[in-house]
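Step one of this worksheet: look at the structure below.
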Amino acid sequence: KAGVTQTPRYLIKTRGQQVTLSCSPISGHRSVSWYQQTPGQGLQFLFEYFSETQRNKGNFPGRFSGRQFSNSRSEMNVSTLELGDSALYLCASSLGPGQGRSAFFGQGTRLTVV
Amino acid sequence: KNEVEQSPQNLTAQEGEFITINCSYSVGISALHWLQQHPGGGIVSLFMLSSGKKKHGRLIATINIQEKHSSLHITASHPRDSAVYICAVWIIQGAQKLVFGQGTRLTINP
């Protein structure tokens, strides 16, 4: 069974640009959640999608958005990039939403904003 | 104060030693995860606990809901166990959210 696939693995963007990251979950998994990891803040929960609906959201500004498609693939978008958005963005998939379902993580997308 | 606190932040041990990493939380939770992150960023979910104890190979995780505390134990530690171990909890406060500890960097020397 293929694991969680995130693309691209590495990305360099300029301040003010926008970026879209992609996450393909494990086949059969319908829940996708996104996380940001920085050296200063550690891992932080961004949002979770299940059946194309956002179910949970962390404390991030509206510049961070996401969506999920009918095939469960998810995209995360960050608009008007700031230097502080440089981070490792991880997604995880699970069979169902939240509440401690076993989650499988992708390798992450390392975003650098210059 | 962080909602999830891990200790120690850094731990260095010799191969074969018994390792304990602790996680304390201050809010009501529905479940707790232990995650392992190797250099390069890949994260593996080791355990998901809502009560009691789980064992997988040399890894054991326990949780005490009343005391709001969980421990991750590694028996017969090996250099390949060197990684950052992260505790994460699903918080039950309005909208559910996942909150992470700051991680414990474990180094096992041969």
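Only one of B:GLY94, B:GLY40, B:GLY16 is assigned to a loop (DSSP other than H, G, I, E, B) and modelled with pLDDT of 95 or more; which? Before you say what the answer is, go through the steps one by one.
Details: B:GLY94 fails: modelled with pLDDT of 95 or more; B:GLY40 fails: modelled with pLDDT of 95 or more.
So the residue among B:GLY94, B:GLY40, B:GLY16 that is assigned to a loop (DSSP other than H, G, I, E, B) and modelled with pLDDT of 95 or more is B:GLY16.
Answer yes or no as to whether B:THR104 is of a type outside the set (A, V, I, L, M) and under 30 Å from A:ASN59 (Cβ atoms).
Values: of a type outside the set (A, V, I, L, M): yes; under 30 Å from A:ASN59 (Cβ atoms): yes.
So B:THR104 fits the description; yes.
Identify, please: which residue in region B:19-31 is part of a strand (DSSP E or B), away from chain A (no Cβ under 14 Å) and out of contact with any Phe, Trp or Tyr (no Cβ under 6 Å at 6 or more places or on another chain) and is, among those, farthest from B:LYS97 (Cα to Cα)? Quick ask: steps written out before the conclusion?
Taking region B:19-31 as the starting set, the residues that turn out to be part of a strand (DSSP E or B) are B:19-25, B:29-31.
Right, trim to away from chain A (no Cβ under 14 Å) and you get B:19-22, B:24.
With out of contact with any Phe, Trp or Tyr (no Cβ under 6 Å at 6 or more places or on another chain) added as a condition, the list becomes B:19-20, B:22, B:24.
Details: B:ILE19: 29, B:THR20: 26, B:ASN22: 21, B:SER24: 17 Å.
Among residues in region B:19-31 that are part of a strand (DSSP E or B), away from chain A (no Cβ under 14 Å) and out of contact with any Phe, Trp or Tyr (no Cβ under 6 Å at 6 or more places or on another chain), the one farthest from B:LYS97 (Cα to Cα) is B:ILE19.
What are the residues in region A:62-89 that are surrounded by 19 or more Cβ atoms within 10 Å (Cβ to Cβ), touching an Asp or Glu at 6+ places or on another chain (Cβ under 7 Å) and either among the polar types (S, T, N, Q) or more than 17 Å from A:TYR10 (Cα to Cα) (or both), if any?
Result: A:GLY66, A:GLN68.
Please state which of the following conditions A:TYR49 fails to meet, knowing it meets all the rest: (1) part of a strand (DSSP E or B); (2) more than 21 Å from B:PHE100 (Cβ to Cβ); (3) in contact with a Ser or Thr (Cβ under 8 Å, 6 or more places away or on another chain).
Answer for A:TYR49: the failing condition is (2).
Can you run down the residue pairs with Cβ atoms below 9 Å, 6 or more apart or on separate chains, where the first is in region A:69-88 and within 14 Å of chain B (Cβ to nearest Cβ) and within 17 Å of A:GLN17 (Cα to Cα) and the partner is modelled with pLDDT under 95 and part of a loop (DSSP other than H, G, I, E, B)?
Close Cβ pairs (under 9 Å, with a partner that is modelled with pLDDT under 95 and part of a loop (DSSP other than H, G, I, E, B)) amount to A:ALA87/A:PRO39; A:ALA87/A:GLN41.
Need the failing condition index for A:GLY42 against (1) over 13 Å from the mean Cα position of the chain (by Cα); (2) over 16 Å from B:LYS97 (Cα atoms), just the number.
So A:GLY42 meets the others, but not (2).
Considering every residue within region B:88-103, establish whether at least one is within 13 Å of another protein chain (Cβ to nearest Cβ) and farther than 30 Å from A:LEU111 by Cβ. Let's see the steps before the verdict.
Restricting attention to region B:88-103, the residues satisfying the condition of being within 13 Å of another protein chain (Cβ to nearest Cβ) are B:88-103.
Checking which are farther than 30 Å from A:LEU111 by Cβ leaves us with B:92.
Yes: region B:88-103 contains one or more residues that are within 13 Å of another protein chain (Cβ to nearest Cβ) and farther than 30 Å from A:LEU111 by Cβ.
Going by what's in this entry, would B:TRP34 be described as aromatic (Phe, Trp, Tyr), more than 9 Å from every other protein chain (Cβ to nearest Cβ) and part of a strand (DSSP E or B)? Walk me through it before giving the result.
Values: aromatic (Phe, Trp, Tyr): yes; more than 9 Å from every other protein chain (Cβ to nearest Cβ): yes; part of a strand (DSSP E or B): yes.
For B:TRP34, the condition - aromatic (Phe, Trp, Tyr), more than 9 Å from every other protein chain (Cβ to nearest Cβ) and part of a strand (DSSP E or B) - is met.
The values are calculated or read from the model by the stated rules, or taken from the named source; none is laboratory data. Because the structure is a prediction, the values reported are computed rather than measured. Here Cβ is always computed from backbone atoms with ideal geometry, including for glycine, and neighbour counts include all displayed protein chains.
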